[in-house]
Every structure is written in structure tokens, then in C-alpha cells.
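I have placed the structure first, in the form of C-alpha cells, so that the comments after it can refer back to it.
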Amino acid sequence: MSFIVAIDGPAGSGKGTITEIISKKLGLVNIGSGAAYRCVALETINKRIDLKETEKIIKILDEINIEYKIENKQNVIYLNGKNVTQRIREKDVATIVSPISSIKEVRFRLNDLFRDCAKNKDVIMEGRDIGTYVFPNADIKIYLDATIEERVKRRYKQNQENGIEMDYEEILKNIKKRDENDKNKEIGALKQAEDAIYIDSSNMSIEEVANKVIDIIKQKRKI
Ligand code: DC
């Protein structure tokens, strides 16, 4: 039996940060679905495959090895044996990840990986379609949102902290384009599940959001 917490929402809504905090506090395995899509995007870049070469991108899935690990109490992700946790946040990856995540076959294969990773574990998983598509029977579903201005500000700050150079306008353009693409996917489009709890985090601190979600989990999990 596993206990599944699904956190969905648009880019920059704070899903990643909140999920990381809660995973540590409550001992839930953190499976970041966006990071897996970013790994496929990175491998596309590494192999110099053009975005139009869909067949070649799909073939990557046969050769790729993605692993979620914990090192020094931090969640890290490995692509073919290499720690790419920072690398997948860079601009070249951010630019192509949304179209790559729109490829049906890529979604099917990664969804299998996510379901496999979650087997018999208590997990928290963030993404776009976790509560609607990957785990429609998740024990808890949260839809985390924030205004576009706030989401761009957060991503800008996060990039600065990680030494990634992208100005405000560039991030705004990138996020708007991703929102548009993520909401209009044929499969796994970003939308709130009917039974998800909606949280607008625009005027909330990270701690406030994390505590709110922790309260919801504790009530349901009875720990
Ligand atoms: O959460 P993120 O910014 O790391 O996600 C990167 C991209 O992956 C994002 O543009 C949408 C896509 N994605 C998706 O389509 N489905 C998911 N469950 C998670 C991410």
C-alpha cells in the first residue's frame, strides 16, 4: 500500500520548494516529475537532436536512465549516472522542456517510471497532471497557484541563487509560453483536479504554504 500526495500547478507556483520541505519533514519520497521531463530535454540537447525529430526523442527513452536519490539530505537526480540536479535548471533545458513534455510517448513512458517509483511507498509528487492523470486516486491532491508576476519573481530569485543568468522579461516570456503549452497538451494538460484543494500562494510565505499542506496531510494520514 502506498500513500500518495499529488501537488500540481503552473511553473513558479512553488511546488518544488514546498514538496522538498514536506518530503523531509514527513519522510515522504519526493518524485519530481518535471525533473524527469527536464532530463529528457537535456539528453535531447546532449545528443544534438532537433525538436522536430520526434522519433529520435522518443528513442532516447529506451536508452536513458533516470534515478531519484538522496545525498547529504538533499533530493538529487541522476541522468545516465551523472548528477544533473543543477544542470537541468539551465536556460537551454527550460526553453525546450515544454514541447518535449507534449510528446505523448514521452509522457506514457515517464508516467510508467513514476508509477513504478511510487510502488509500495509513501510519496509526494509534484507536476502538472499528477492528480488528474498519473495518480487519479491520490490520497491528497493540492493545486498550487500564484499570480504570474509572483511566479516570475520567484523564478528570478531562484535562478540568481543558482547562478543562472536570465532577466525578468526573459523569464516572463518563458513562463507565459510554458503556461500556454502546459494547459493545452493533448494528454496530461495542466488543470485542477475536481477533488483537489486549491491554494493561492501569491501572498503566502513558503513556510505558511508548507504548514497548510502538512496540516492537510496529517489530518488524512492520521500521524
Ligand atoms: O516543474 P518544472 O518546471 O520542472 O517542469 C518542467 C516542464 O515539464 C514543464 O514545462 C511542464 C512539464 N511537466 C509536465 O508536462 N508534466 C508534469 N507532470 C511535470 C512537468
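Here, each number is a calculation from the coordinates, and none is a lab measurement. Keep in mind it's a predicted model, so treat the numbers as computed, not measured. Please note: Cβ atoms are built from the backbone with ideal geometry, for glycine as well, and neighbour counts cover all protein chains shown.
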Taking the Cα centre of segment 83-220 as origin, sum charge times position over the Cβ atoms of Lys and Arg (+1) and Asp and Glu (-1), and report the length of that vector in debye to the nearest 20. 320 debye
Highest-MSF residue in the chain out of Asp182, Asp145, Asp112 [GNM, Cα springs under 10 Å]: Asp112
When the chain is fully extended, how far beyond the present Cα-Cα distance does Glu208 get from Lys56, taking 0.36 nm per residue of separation? 50.3 nm
Calculated from DSSP H runs of 4 or more alone, at -39500 (n - 2.57) each and per residue, what is the 222 nm mean residue ellipticity of the chain, nearest 500? -15500 deg cm²/dmol
At a Förster distance of 22 Å, what's the computed FRET efficiency of Ile216 paired with Asp116, Cβ-Cβ distance as r, to 0.05? 0.25
Take the alpha-carbon centre of segment 52-89, take the same for segment 177-200, and report the distance between them in whole Å. 24 Å
Mind checking which lysines have their Cα closer than 20 Å to the Cα of Lys69? Skip sequence neighbours fewer than 8 apart in that chain. Lys15, Lys24, Lys25, Lys82, Lys119, Lys121
Who wins for biggest fluctuation among Gln192, Gln74, Gln158 in a Gaussian network model of the chain, springs between alpha carbons below 10 Å? Gln74
Under a plain spin-label model, where a point goes 7 Å from the Cα along Cα-to-Cβ, how far apart in nm are Lys73 and Lys176? 4.1 nm
The chain: proportion of alpha-carbon pairs further apart than 25 angstrom, %: 36 percent
Short version: ³J(HN,Hα) in whole Hz for each residue of segment 129-137, in order, from phi by Karplus 6.51 cos²θ - 1.76 cosθ + 1.60 (θ = phi - 60°), x for Gly and Pro, what are they? 10, 5, x, 9, 10, 6, 10, x, 9
Within straight cross-link reach of Lys222, meaning Cα distance under 16 Å, which aspartates and glutamates are found once same-chain residues fewer than 8 apart are removed? Asp122, Asp139
Whole-Hz couplings from phi, Karplus 6.51/-1.76/1.60, listed for segment 145-161; x for Gly and Pro: 10, 6, 5, 5, 4, 5, 5, 5, 4, 5, 5, 4, 4, 4, 5, 4, 4
Relative contact order (percent, whole number), segment 1-112, Cα cutoff 8 Å, 6+ residue spacing: 24 percent
Tensor-based shape of segment 44-114 (alpha-carbon gyration tensor, a/c under 1.5 rounded, otherwise prolate or oblate): prolate
